1. With the requirement that a residue be more than 13 Å from Gly46 (Cβ to Cβ) and either aliphatic (A, V, I, L, M) or not in a helix (DSSP H, G or I) (or both), what does segment 10-26 give you?
2. Can you tell me how many residues within segment 9-43 are surrounded by 13 or more Cβ atoms within 10 Å (Cβ to Cβ) and either over 19 Å from Arg78 (Cβ atoms) or among the charged types (D, E, K, R) (or both)?
3. Hey, any hits in segment 32-46 for a residue that's charged (D, E, K, R), more than 10 Å from the chain's Cα centre (by Cα), farther than 18 Å from Val9 by Cβ and not in a loop (DSSP other than H, G, I, E, B)?
4. Only residues that are in contact (Cβ under 8 Å) with a residue 12 or more places away in the chain and of a type in the set (A, V, I, L, M, F, W, C): list them for segment 61-82, please.
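Just so it is clear, none of the values below were taken in a lab; they were calculated from the coordinates. The structure displayed is predicted, hence computed values, not measured ones. Cβ sites come from the backbone with ideal geometry, for glycine too, and all protein chains shown count toward neighbours.
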Amino acid sequence: MPELTAAHVNRGIVLARVRQSGEAEAALRRALVVRPDNAQARSELGCVLAELGRLDEAKACHLKALDLDPNNPFFHLRLGDTHLLRRRSRRLRGRLPPCRVSRAALRPGMEPARAHP
């Protein structure tokens with residue numbers, strides 16, 4: 001069933017490009033159900049998880065992809081990118097002040113975004 005795996009991977013890649021990360025994650029996880037040893041699906045899932053801010057999970061995916069295909073330079077690059085994101089995230093955690101926007105500063109019809117948990 002390699003063609004089914006490829007379809008899920010390709011769908012996941014397209015969804016990630018249009019910033020539908022939740023659906024991209026689901027498609028890539030379906031690909032891994034069919035073929036758990038698919039290194040590309042693992043690496044793409046790592047990118048999606050990084051986009052979602054789930055950096056520890058992203059790192060694990062990239063490491064698994066490298067276990068499956070240790071000579072793939074893109075997998076090494078993606079793991080490095082994830083390490084940089086994790087380092088920046090730890091360094092900035094708790095240092096950025098909360099953003100406060102006065103309702104008067106917003107254009108008519110706009111509302112401030114809800115606070116993230």
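1. Val14, Leu15, Val18, Arg19, Gln20, Ala26, listed by residue number.
2. 10
3. no
4. Of everything in segment 61-82, those that are in contact (Cβ under 8 Å) with a residue 12 or more places away in the chain and of a type in the set (A, V, I, L, M, F, W, C) turn out to be Cys61, Leu63, Ala65, Leu66, Leu68, Phe74, Phe75, Leu79.
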